[in-house]
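The values are calculated or read from the model by the stated rules, or taken from the named source; none is laboratory data. Small disclaimer: the values here were computed from a predicted structure and weren't measured. Cβ placement follows ideal geometry from the backbone for every residue including glycine, while neighbour counts extend to all protein chains displayed. Ligands, DNA and RNA are excluded from the accessible area calculation, which covers all protein heavy atoms including side chains. Shrake-Rupley method; radii C 1.70, N 1.55, O 1.52, S 1.80 Å.
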Amino acid sequence: MPIASISNGPVAVIDIGSNSVRLVAYDRLSRAPVPMFNEKSLCGLGRDVAVTGLLPPDGLAQALDALKRFRVLCDLMRVERLFVLATAAARRASNGPEFIAEVEAILGEPVSILAGQEEARLAALGVVAGLHRPNGIAGDLGGGSLELIDIEEGELGQGISLELGGLTLRDASGKNLKKAAKIVADTLDRITILPQARGRDIFAIGGTWRAIARLHMAKVGYSLNVLHGYTANAKAIAEFCREVQRVDVNTLPAISEIARERRPLLAYGALVLEEVLERSGAARFMISTSGVREGVLYSQLPRALQQQDPLLVGARALNELHARDPEHADELIAWTDAFARAAWPDETPGQKRIRHAACLVSEVAWRANPDYRAEEAARMVAYAALPAIDHRERAFLASVQHARYEGISEAVMPPLRELLSLWEVDQARALGCIIRVAFNISAGQRGVLPSAPITIENSSIVQSIPARFADLSNERLVARLKQTARILGLGFEIRIIP
């Protein structure tokens, strides 16, 4: 099944923000676009705008130079469609219109100057595009502003934009955190949206909040170095935000991973985030690296494509890229569907989608050295640019792929074990072993699995093989079925059928 896309080649978004000017090019305009090039220039266009009302001359020069480079890069990548956005700084500065005219002359494309509510809407669409059924409030902290908007089952509430961006807050407070705290408190006192997140999630967007999450991951020794989908208890993040405001940020673990130009804004971003979390009563904090840019792309899709599951679209793209026979994956999905109805009758829709994703990515490492296929498959799946998947699900997929290539060895622990419960580890291993059996009898080629069902009868796994494929049954298949049966607490049988 080919990936549905409304472009034949790359598309790109240039985002002219208050702190950075960024180009992101994506492989295609689909439900799961993958960034193929990402570059930013920290120009600080919003610096001093709150005080002078003007975009700074040095920031303007740096931004225009970056945009000239971005135009050449888009041409080199043969970008089919280019979307250009400008946010708070260009919107507010009195010399913004002159700057935008220069930008349009350089890029040869119109610039969309986003109003605050539109910026909030697009940020929320980015969260909808990149996470699975998000339920909470999206907060997008930029250099110039903070956008907040409610999301429930893909439906968006009314967005608001507040002048609480890192640069704006630093300038308006005269670089005084106590004054900044009063500005934040006074501003948030006037809004009513935050309590709507009580017991739900806060989805954090923006470079400064991503940096805070990166530092928190280092502090707690988190094992999966992926920002998108990183989730933590909201109270724990609020406490960490207080620590960021108290200490010299240059002493924090992993501070070397944060751009020097961004470090002076960390305390202001932490101040805003602490207040947002405390006032909201949210249960969880979650990072979304999918924001305004991805929201723009999502908004271009027809409704039918928007309703696709982005995880399965992304996994299918990996299948098309890596599989020896891409159509085999759909047969594998149907084959495991039949088995799951007997083996896991209580399987939830969420577990089913992860099982289907596991089938689609089951060929990612066949080109690797045989001694390292299990390790490579687990690594590729854990760190793949897959949307709409949380970290526990990434760990589960990685364990499935490890077992698919390695089988079960008591001497080898599954990857990212600490993110999973014992039950989840066993489920992942069982699914990996089932997929391992499938490849033993199909060699990853279509045409075998539909006629060779695997079922459970009388507390035994029964692998049926049609007579024309009877010679596929050997000691290797016996060993794989035996291992699968052992982890499921069942017997096993190979049955030759007419």
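The accessible surface of the chain, taken with every protein chain in place and a 1.4 Å probe, is 50 percent carbon and sulfur. Helix 266-280 and the longest principal axis of the Cα set of the chain meet at an angle near 70°. For the chain, find the longest principal axis of its Cα atoms and tell me its angle to the long axis of helix 207-220, 0 to 90°, nearest 10. In the chain, helix 207-220 runs at an angle near 50 degrees to the longest axis.
Report the one residue of ALA197, PRO253, GLY59 whose Cα lies farthest in the direction of the positive end of the charge dipole of the chain (charges on C-beta: Lys and Arg +1, Asp and Glu -1; origin at the Cα centre). The one lying farthest along the dipole's positive direction is PRO253. If you take the alpha carbon atoms of the range 85-154 and fit the smallest convex hull around them, that volume is 88 Å³ per residue.
Full extension of the segment from ALA185 to GLN117, taken as 0.36 nm per residue of separation minus the current Cα-Cα distance, would add 22.4 nm.
GluC sites (Glu not before Pro) within the range 322-353: which are DSSP loop residues with at most 14 other Cβ atoms inside 10 Å? Sites meeting the loop and neighbour criteria: GLU327.
Rolling a 1.4 Å probe across the protein heavy atoms gives the range 374-445 an accessible surface of 35 Å² per residue.
Comparing Cα centroids, the range 158-219 and the range 83-114 end up 25 angstrom apart. Annotation note: GluC sites (Glu not before Pro) in the range 180-274 located in DSSP loop regions with a Cβ neighbour count of at most 16 within 10 Å are GLU261. Annotation for the range 343-417 versus the range 424-444: alpha-carbon center distance of 10 Å. Each of HIS356, VAL437, GLY407 was scored by the projection of its Cα onto the charge dipole of the range 349-498, and the greatest displacement toward the positive side belongs to HIS356; charges sit on the C-beta of Lys, Arg, Asp and Glu. Net charge in the neighbourhood of ARG22 (other residues with Cβ under 11 Å of its Cβ; Lys, Arg +1, Asp, Glu -1) is 0.
Each peptide among 194-207, 60-73 gets the average number of other Cβ atoms lying within 10 Å of its residues, and from highest to lowest they stand as 194-207, 60-73. Seen against the Cα atoms of the chain and their longest principal axis, helix 373-383 is set at about 30 degrees. Each label point was placed 7 Å from the Cα along the Cα-to-Cβ direction; for ASN8 and ILE497 their separation is 4.5 nm.
In terms of packing, defined here as the mean over residues of other Cβ atoms within 10 angstrom, the peptides 421-432, 150-161 line up highest first as 421-432, 150-161.
Label positions at ALA385 and ARG446, each projected 7 Å from the Cα along the C-beta direction, are separated by 2.7 nm. Residues in the range 429-436 carry Karplus couplings, in order, of 5, 5, 5, x, 5, 4, 5, 4 Hz; the curve used is 6.51 cos²θ - 1.76 cosθ + 1.60 with θ = phi - 60°, and Gly or Pro positions show x.
Pick out, from PRO302, LEU321, ALA282, the residue whose Cα sits farthest towards the positive end of the charge dipole of the range 226-330, with +1 on the Cβ of Lys and Arg and -1 on the Cβ of Asp and Glu. Sorting the options by dipole projection puts first ALA282.
Would you list which lysines come within 24 Å of LYS219, measuring only between C-alpha atoms, while excluding same-chain residues fewer than 8 positions from it? By straight Cα distance, LYS219 reaches LYS235. In this structure, the amide hydrogen of SER460, modeled 1.01 Å from its nitrogen in the peptide plane, lies closer than 5 angstrom to those of GLY491, counting only residues at least 5 positions away or on a different chain. Projecting label points 7 angstrom from Cα along Cα→Cβ for THR455 and ASP337 puts them 1.7 nm apart. Taking the range 15-32 and a reference point 7 angstrom along Cα→Cβ of ALA105, no backbone N atom is nearer than 11 Å. Can you tally the net charge around PRO450? Count Lys and Arg as +1, Asp and Glu as -1, for every other residue whose Cβ sits under 14 Å from the Cβ of PRO450. So the environment of PRO450 carries a net charge of -3.
Each helix, a run of at least 4 DSSP H residues, gives -39500 (n - 2.57); summed and divided by the residues of the chain, these come to -14500 deg cm²/dmol at 222 nm.
If you work out semi-axes √(5λ) of the Cα gyration tensor in Å from the coordinates, which of (i) 47, 25, 19; (ii) 32, 27, 21; (iii) 63, 21, 20 do you get? Here semi-axes √(5λ) of the Cα gyration tensor in Å agrees with entry (i).
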